[in-house]
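**Student:** Mind having a look at this structure? Questions to follow.
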Ligand SMILES: Cc1cc2nc3c(=O)[nH]c(=O)nc-3n(C[C@H](O)[C@H](O)[C@H](O)COP(=O)(O)OP(=O)(O)OC[C@H]3O[C@@H](n4cnc5c(N)ncnc54)[C@H](O)[C@@H]3O)c2cc1C
């Protein structure tokens, strides 16, 4: 293991697939489901994109062989979106079709707003052909309400998150309160009309509102799941399972961990102190 990953280790399950498997087993033993992510984004050659897709085929095999309770999450720029939509679609299709054979599910992560429409278009095509695909919607984007309406209409599974990319005022809410308010609005649309939404947040107020709203509207716990990131609010992950909610944790692994790690640091200044403190501890 490289020197640097020691600092990222709280958020990343390892650099190799084999290192991540025990982390998934431990979560599964606690009643927590997983979505497995092989880190990587914005590849610059077809070879790299194909290799990234191959790594997901291997992950799907490992999930099956090790009987892990896990689906997979991937990024389209890792699958060659910058090299062309058709190329990317064909590359991802290999994963989705193998997941279908294995009775598994593929979640397409959402990246910066420059990719939103293309990500949705590819999701729509894959969903029509295979069905076992879902996508992510970011509450910070102004367009998300319309996107949720369309995804609900099509019956596509949505993971709702706040959004991890810095976006301009022209496309995104800039204030935290506006993002939270929009999150709650979109969450209610998904709970009422969506197909098994993933409520992806560590925000206790929003989680509380989800519980309250679903009880008030007689939406059973089996109709949605909470989702959190590996290494964040582990206490809350376990307590939600004990309360009878579905809980899924996003477990990333791989050598390309820096952009992911950087986004986690940016989200919370305490994380920078955590990293520095461990650095000086030696
Ligand atoms: C399962 C999952 C999948 C995701 N997929 C995507 C995606 O495809 N595209 C995308 O743009 N974003 C994605 N995100 C990231 C998301 O957009 C947010 O950036 C991230 O979840 C932080 O927002 P929050 O909802 O937890 O709320 P915040 O208001 O940021 O945080 C609420 C509380 O959660 C805890 N917390 C949040 N972040 C951290 C952290 N980094 N370290 C320690 N504690 C923290 C703190 O206690 C904080 O007070 C995903 C998030 C999750 C949980």
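Taken together, the values in this text are just the output of simple stated rules run on the coordinates, not laboratory data. A quick note: this is a predicted structure, and the numbers were derived from the prediction, not measured. Cβ placement follows ideal geometry from the backbone for every residue including glycine, while neighbour counts extend to all protein chains displayed.
**Student:** Among 24, 184, 199, whose mean-square fluctuation peaks in a Gaussian network model of the chain (Cα, cutoff 10 Å)?
**Tutor:** Of the options given, 184 has the highest mean-square fluctuation.
**Student:** Can you grab the distance from the C-alpha centre of region 168-196 to the C-alpha centre of region 229-250, Å, no decimals?
**Tutor:** Here the two parts' Cα centres lie 22 Å apart.
**Student:** Counting pairs of alpha carbon atoms under 8 Å apart in space and at least six apart in sequence, what relative contact order in percent does the chain give?
**Tutor:** This gives 23 percent for the chain.
**Student:** Here's something else I'd like to know. Name the most mobile residue of 198, 112, 231, meaning the one with the largest mean-square fluctuation, in a Gaussian network model of the chain with Cα contacts below 10 Å.
**Tutor:** The residue that fluctuates most here is 112.
**Student:** I want to check the label-to-label distance for residue 46 and residue 58. Put each point 7 Å from Cα in the C-beta direction and report it in nm to one decimal.
**Tutor:** 2.2 nm
**Student:** For each of 61, 235, 109, 82, count neighbouring Cβ atoms within 10 Å of the residue's Cβ, then give the residues from fewest to most.
**Tutor:** By the 10 Å Cβ count, ascending: 235, 61, 82, 109.
**Student:** To continue, here is another question. What's log10 of I(q)/I(0) for the chain at q = 0.07, 0.10, 0.13, 0.16 Å⁻¹, Debye sum over Cα points only, no solvent?
**Tutor:** Cα-only, vacuum Debye calculation for the chain: -0.24, -0.50, -0.89, -1.43.
**Student:** A follow-up question, please. Quick one: compute the contact order of region 4-147, relative version, from alpha carbon pairs under 8 angstrom and 6+ residues apart, as a percent.
**Tutor:** For region 4-147, the relative contact order is 19 percent.
**Student:** Next question, about the same structure. Kindly give the semi-axes, whole Å and largest first, of the ellipsoid equivalent to region 102-223, taking each as the square root of 5 times a Cα gyration tensor eigenvalue.
**Tutor:** For region 102-223, the ellipsoid semi-axes come out as 21, 20, 11 Å.
**Student:** So between residue 177 and residue 217, what do we pick up on full extension, going 0.36 nm a residue minus the alpha carbon distance?
**Tutor:** Between residue 177 and residue 217, full extension yields 11.9 nm more.
**Student:** By average Cβ neighbour count within 10 Å, what is the ranking of 253-262, 205-214 from highest down?
**Tutor:** The most tightly packed comes first, giving 253-262, 205-214.
**Student:** Here's something else I'd like to know. At what distance in nm do the modelled label points of residue 129 and residue 242 sit from each other, each positioned 7 Å from its Cα along Cα→Cβ?
**Tutor:** 4.6 nm
**Student:** Something else now. At 4 °C and 1.567 mPa s, grab the translational diffusion coefficient of region 190-255 from Stokes-Einstein with a Kirkwood Rh over Cα pairs, rounded to a whole number in µm² per second.
**Tutor:** For these conditions, the coefficient is 105 µm²/s.
**Student:** Over region 83-239, what is the relative contact order in percent, taking alpha-carbon pairs closer than 8 angstrom and at least six residues apart?
**Tutor:** 18 percent
**Student:** In bins 10 Å wide, starting from 0, what share of all Cα pairs of region 16-124 does each bin hold, as a percent?
**Tutor:** Reading the bins upward from 0: 15, 47, 30, 9, 0.
**Student:** Which of 138, 78, 215 ends up with the largest GNM mean-square fluctuation for the chain, with Cα atoms connected below 10 Å?
**Tutor:** 215
**Student:** In region 5-277, what percentage of the DSSP-assigned beta bridges are antiparallel, given to the nearest 5?
**Tutor:** 5 percent
**Student:** Let me ask something else about it. Take 160, 236 and order them by how many other Cβ atoms sit within 10 Å, fewest up front.
**Tutor:** 236, 160
**Student:** Taking the simple approach of a point 7 Å from Cα along Cα-to-Cβ for both residue 90 and residue 267, what is their distance in nm?
**Tutor:** Here the modelled spin labels are 3.6 nm apart.
**Student:** Express in nm, to one decimal, how much length is gained between residue 118 and residue 103 on full extension, taking 0.36 nm for each residue of separation and deducting their alpha carbon distance.
**Tutor:** 2.8 nm
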